[in-house]
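All remarks here apply to the structure that follows.
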Amino acid sequence: MSQLTPGLKGQLGKLVETADLASAYGNPGVDVLSSMTLMTLLEGSCLRAIEGGLEPGQMTVGARMEMDHLAPTPASFTVTATAELLEVKGPKLVFAVSAHDGVEQVARGRHVRFVVEHERFFQGVTQKAAKRSEV
């Protein structure tokens, strides 16, 4: 984790398509970017910020997303999400996130991720799956 330091920044853009709209997620007639898609884009910008900063065998997992969805974005706009790593507290990473659609800011928030060991994490997933099959 030594390469993960506050100040790292990442950015990710996406053209808003019909499949990204709230109406595609069961909210009829609400043909604007869904909050779910926007959160995914914000999370992706965090991953971009830390690209290349993890040690071999490490990965990160999302633990918390606080987002204010500030304005609607229709299809055919490009939304750009940005992230800045604010804090590194052991395995805990705290990011400031925001998004803009070319006209106005459409989101702001915080995202928390944890650095975990890939092998150990998926051992836990396998054990959980085995418990389900026992039931």
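Coordinate-derived values only; no laboratory data. From a predicted model like this one, the values you see are computed outputs, not experimental measurements. Here the Cβ is made from the backbone with ideal geometry for all residues, glycine too, and neighbour counts use every protein chain on show.
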For a quick check of your reading of the model, give me the residue pairs whose first member lies in the stretch 52-72 and is under 30 Å from residue 104 (Cβ atoms), whose second is exposed (fewer than 14 other Cβ atoms within 10 Å of the Cβ) and not small (Gly, Ala, Ser), with beta-carbon atoms closer than 9 Å and at least 6 apart or on different chains. 63/92; 70/104; 70/105; 71/103; 71/104; 71/105
Quick test of your reading of the structure: residue 37 fulfils all but one of (1) under 15 Å from residue 15 (Cβ atoms); (2) surrounded by fewer than 18 Cβ atoms within 10 Å (Cβ to Cβ); (3) not acidic (Asp, Glu). Name the failing condition by number. (2)
Kindly indicate which of 95, 114, 121 is over 22 Å from residue 19 (Cα atoms) and within 12 Å of the chain's Cα centre (by Cα). 95
Only one of 125, 116, 103 is crowded, with 16+ Cβ neighbours inside 10 Å and not acidic (Asp, Glu); which? 116
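Filter the stretch 22-49 for residues that are within 14 Å of residue 85 (Cα to Cα) and touching a residue at least 60 places away in the same chain (Cβ under 8 Å); which is nearest to the chain's Cα centre (by Cα)?
43
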